[in-house]
Every structure is written in C-alpha cells, then in structure tokens.
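Below is one structure, written out as structure tokens, with a few remarks after it.
Only the coordinates and a few stated rules stand behind these numbers; no lab work does. If you're wondering where the values come from, they're calculated on a predicted model, not measured in any experiment. Every residue, glycine as well, gets a Cβ built from its backbone with ideal geometry; the counts of neighbours run over all protein chains shown.
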Amino acid sequence: SLALAHGAHRLGKRTDPMMERWRNYGLGQFIHWGVYAIPGGQWNGASYGGAAEWIRSWKGMPKEAYDNLYKEFDPENYDPSALAKQAKEMGAKYMIITTKHHDGFCLWPSEYTDYDVTNTPYGKDIIGPLVEAYDAEGIDVYLYFSVMDWNHPGYRSVLATEEDRSAYESFKEFTRNQLLELLERYPTTKGLWFDGTWDEAWKEQAEFADNLATEMRKKIPGLIIGSRFRPDDYGNRHFDSNGDLMGDYEQGWERKLPETYEDTNGNDWDCVMTIPENQWGYHSDWRGHVKTSYELIEMLVKSVSLDGNFVLNFGPDAKGDIRMEEKKLATEIGQWMSKNKSAIYNCGHIDWEKQDWGYYTQNRVTGEVNMVVFNKPINSVLRIKTSSKISLQKIYDLNDATKIYDPEEISQDEYIIQLGDEELAEPKVIVIKYDHSK
Ligand SMILES: C#C[C@@H]1N[C@@H](C)[C@@H](O)[C@H]1O
C-alpha cells in the first residue's frame, strides 16, 4: 500500500463513547435553511427544476438578484423550540443544520463576513437558539458546513494561476476561521457534516484539511467528522488511495441506500434523504414523487439493518414554517417510532440471511433480534435462517404481549413462524429472544 501522510489515520470503526452514541442514533433530522427559501425554487414566474438551494446556479436566476435576497430574510415564524419538539415527536436522536450552504450565506453572526444573518431584517443568530432548543429536547446537534462558498472572493474551484493560488490562501484562512468560530460559539456540537468538497482546488488541500481536522478536534475532543471532508495526498475523498475510509463514517449515501451489508464495507455510514426526489431547501412547487411515511420507515429500518443512520431532510420556508407535507410525515413516522423505537435505537446489523418479509435489526444492548415485517407472505409464514446454532427462548409481537409465536424448526438453523390472518396495517415488529451463550 501507498505511504500516505494525509490518508486514513485509523483503520476500522471508532470505538469511543461519542462514536458509540452516534452509531446508536438510528434516526436523524437534516434541516436545510437559508436565503434560498425566499425564492423557493421560483423566479420571475418560472420554476427552477433543480434543487431549490442551488437556484443561484440557474441561468434563470440573476446572480445580483440572488445576492440581495438576504435583505429580505425575516422569518417571523421561526420557532426553534417548536422545531425541536416536532423532531422529538418524530423520534430523531440527532439533527444536522446548514450553518452555511454553497451560496455562502451564514445563519450565524460571523466575524469573517458581512454575508450573514446580522445584516438581514431578522438580524439575530439563527443557529444558537436552534442548538439550545435541540439540546433541551435531548437531540444532539451537528453542524453542516459547505466548503464551497460562491460568495467568498477567494473561492476557486480550480487553481490555474498564481493569482488563483494566492486568492485561495485567503479563502482557506477564512474557512478555518469560520469553522473554529462555529465550534467556539456552539461547543455542544457533536460533529460536523461537510459538503461542497468535490472541487479540484480543495482536493489539493490534503495537509491543510488534515491539520484543520486536528485543530477542530482539539477544540472539541471526539468531534465526529465524516468522509466528505478531507482529500488525501492524491486528492481522493471518502476513501484514501489505499481504499481506507477517511473520517469517522462514510458520507457517500446521499438520496440512496446500500443494498447489502457488503456495500457498506463494514463501515459506519449515514444516508441523507429528501422527501421529494431532489429538494433540500424549500421549493414551493414540489414536482414528482413525494415519499410516503411507509417508504421512509422502510428506508430507516433498512439503514439500521445495515449498520447505518437515516437522516431525513426538512426545508423550512422563508417565514421559518415547516410545510404541511413535512409536518404530516414527521407525525406519521413518530407514531410508528413511538411503538417500535426499540427496533431502531441502539440497533444494528446481524448476519442472518435476509428474507423477503423485511429486515432484521439486532439490539446491541439486549441482544434481541427484531424482525421488522413489511411484506406478509400469502401463506402468512415467516422464515428465519440464522447464521449459527441458537437456543430460541421466545418469539413475540413487540406490541402485543399476548401474541407469542411458536417456531417450527424445518432444517439446520432454519425456522418458520405463522402469522395470524390479520392484515398488516403497518410494519410489524416481532422480537426474537434467544440464548447467546449456546
Ligand atoms: C449536491 C448537493 C448538496 N448535498 C446535499 C446534502 C444538499 O446540501 C445539496 O445541495
């Protein structure tokens, strides 16, 4: 393998308490909010077909007009504690908030730029009250930060000339200053979710990024940073030139999920997911398929069954309100979570053979295995094929203690149980209690 000065600094999973806490979240909330919520994907009567938070890059959006939107930012309905309560009811264990997206607008009062909330009619810090509200609800806070910054004069996507390089040095200093400022202002932050690190210019910054990550972890020991931040000595991100994961978990699953455990390479990972096909920031005209709570619960359970966290995105509008579709989904997911959270929190992968009826999750605390049933077979028989000899103790319906299932062993390490005739109105959790010692 290659000798890398700035490749992966650790092989295998982080095993410290902060990472164990992260590993056991299961469900998170993403919040994409900024001045892009003002146009909401529309400009001059035309609708932008791309992601609303990218509207500045649209030819139908004059840059000058976009760069003056901050003068209208005044979210009179912004209510951090209401947002935190909604997230709590949904069952989110952590929340990732966009402090600065690609447009460079800062939702906190930054010393290093005037393009921030202090220079808007709203005039106040957005991030601080949100962090406090989520901390008060016991939901851990993570900060999204886009390295790509369309507003900063020193930003470059490619370093072609000496002028580019010296301008980019000022941009790197600005980036470092803003990150240290965020950690200084919001010390309860548990981690950073980096984005906008795909440019060639950034891929040349292996040493700078490595040193900055070290410096950030000095400010907040144990800070959790995913694979999307650092490039290695050869400009590779996520996985270094030896194929080893860089950062504390893999951040490659954006609007998609791994299919098998092998797809995860046995790493920690998160999936960040939009409710429409591809809208993170508020878009007033959602087109195409809007995911149902059933689909989102299946993605959540599939993520946990493959040792990942599922982070569902919300995009508040210009007033700071959450749209009806998102409110409804948060409530529906919360209703399912209130009855089935033991199959999500503190749970992860078990190497039993995947079955068509749904997914297994194993509770890392109790050792119990949860069968999360999405597809009831016509014959109502659920097949279980374990990976080793186990001594079954009890198989029961998580939400009906009177419902005990009597397994029939049909071959080596293979059992079947019989569901009743009832139609499944929602994904059902059946718990398998077994003796691990045998
Ligand atoms: C592309 C892209 C960005 N990455 C997602 C997490 C959103 O922030 C989107 O704008």
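Give me, ordered by chain and number, the residues 5 or more places off Cys347 or on other chains with an amide H under 5 Å from its own placed amide H.
Arg364
Would you mind ranking Trp198, Trp269, Trp280, Trp58 by Cβ crowding within 10 Å, fewest neighbours first? Walk me through the numbers on the way to the answer.
Working: Trp198 13, Trp269 23, Trp280 27, Trp58 17.
Sorted ascending by nearby Cβ count, the order is Trp198, Trp58, Trp269, Trp280.
Short version: ³J(HN,Hα) in whole Hz for each residue of the range 224-239, in order, from phi by Karplus 6.51 cos²θ - 1.76 cosθ + 1.60 (θ = phi - 60°), x for Gly and Pro, what are they?
9, 10, x, 7, 8, 8, 8, x, 8, 3, 10, x, 7, 10, 6, 10
Counting other beta carbons within 10 Å of each Cβ, put Met18, Met337 in order, fewest first. Display every interim value, and only then the final one.
Values: Met18 17, Met337 20.
So the residues, fewest neighbours to most, are Met18, Met337.
For Glu250, list long-range residues whose amide hydrogen, built 1.01 Å from N in the peptide plane, is under 5 Å from its own amide hydrogen.
Under 5 Å from the amide H of Glu250 lie the amide H atoms of Asp268, Trp269, Asp270, each far enough along the sequence or on another chain.
When the helices in the chain are scored as -39500 (n - 2.57) per DSSP H run of 4 or longer and the sum is shared across all residues, what 222 nm value do you end up with, to the nearest 500 deg cm²/dmol?
-7500 deg cm²/dmol
What are the semi-axes of the equivalent ellipsoid for the chain, taken as the square roots of 5 times the Cα gyration tensor eigenvalues, largest first, in whole Å?
41, 26, 18
DSSP loop GluC sites (Glu not before Pro) in the range 333-438 with at most 11 other Cβ atoms within 10 Å of their Cβ, which ones?
Passing sites in the range 333-438 are Glu422, Glu423.
Nearest 5 percent is fine: what portion of the DSSP beta bridges confined to the chain is antiparallel?
Expressed as a percentage, antiparallel bridges in the chain total about 50.
Report the GluC sites (Glu not before Pro) located in the range 271-342 that are in a DSSP loop and have at most 16 other Cβ atoms inside 10 Å of their Cβ, or state none.
Glu277
Structure shown: which of Lys13/Lys291; Lys328/Lys428; Lys302/Lys389; Lys71/Lys190; Lys88/Lys319 lie over 28 Å apart, alpha-carbon to alpha-carbon?
Going by Cα-Cα distance, Lys13/Lys291; Lys71/Lys190 fall outside the 28 Å limit.
In terms of Cα to Cα distance under 12 Å, which aspartates and glutamates are near enough to Lys341, apart from those fewer than 8 places away along the same chain?
Glu89
Amide H neighbours of Asn265 under 5 Å, at least 5 residues apart or on other chains, H built in the peptide plane: list them.
Those lying under 5 Å, H to H, from Asn265: there are none.
Would you list which aspartates and glutamates come within 15 Å of Lys376, measuring only between C-alpha atoms, while excluding same-chain residues fewer than 8 positions from it?
By straight Cα distance, Lys376 reaches Glu298, Asp356, Asp397, Asp421, Glu422, Glu423, Glu426.
For the range 1-135, what does the convex hull of the Cα positions come to per residue, in cubic angstrom?
200 Å³
What is the Cα centroid distance between the range 196-210 and the range 99-125, reported in whole angstrom?
Using only Cα atoms, the two centres lie 24 Å from each other.
Taking K and R as +1 and D and E as -1, what net charge do the other residues with C-beta under 15 Å from the C-beta of Glu368 add up to?
+2
Taking only the alpha carbons of the range 161-279, what extent do you get along each of the three principal axes, in Å, biggest first?
45, 36, 32
Any idea what angle helix 127-136 forms with the longest principal axis of the chain, computed on alpha-carbon atoms, 0 to 90 degrees, nearest 10?
In the chain, helix 127-136 runs at an angle near 20 degrees to the longest axis.
Which FRET efficiency value, to the nearest 0.05, is calculated for Asp233 and Ser57 with the Förster distance at 41 angstrom and r the Cβ-Cβ distance?
The computed FRET efficiency comes out at 0.85.
Only counting other Cβ atoms within 10 Å, I'd like Thr274, Thr161, Thr331 sorted with the fewest neighbours first.
Thr161, Thr331, Thr274
Quick one: what are the phi-derived ³J(HN,Hα) couplings along the range 198-213, Karplus 6.51/-1.76/1.60 with θ = phi - 60°, whole Hz, x for glycine and proline?
Result, rounded to whole Hz: 8, 6, 4, 4, 6, 5, 8, 9, 4, 5, 4, 5, 4, 5, 5, 4.
What are the ³J(HN,Hα) couplings of the range 285-295, residue after residue, when phi is run through the Karplus curve with 6.51, -1.76, 1.60 and θ = phi - 60°? Round to Hz, x for glycine and proline.
Coupling constants for the range 285-295: 10, 5, 10, x, 6, 9, 5, 8, 5, 4, 4 Hz.
I'd like the GluC sites (Glu not before Pro) in the range 108-184 restricted to DSSP loop residues with at most 14 other Cβ atoms within 10 Å, sorted by number.
Filter output for the range 108-184: Glu111.
Name the aspartates and glutamates eligible as straight-distance cross-link partners of Lys124: C-alpha to C-alpha under 16 Å, and not fewer than 8 places from it in the same chain.
Straight-line reach from Lys124, under 16 Å: Glu72, Asp74, Glu76, Asp79, Glu111, Asp114, Asp116, Glu132.
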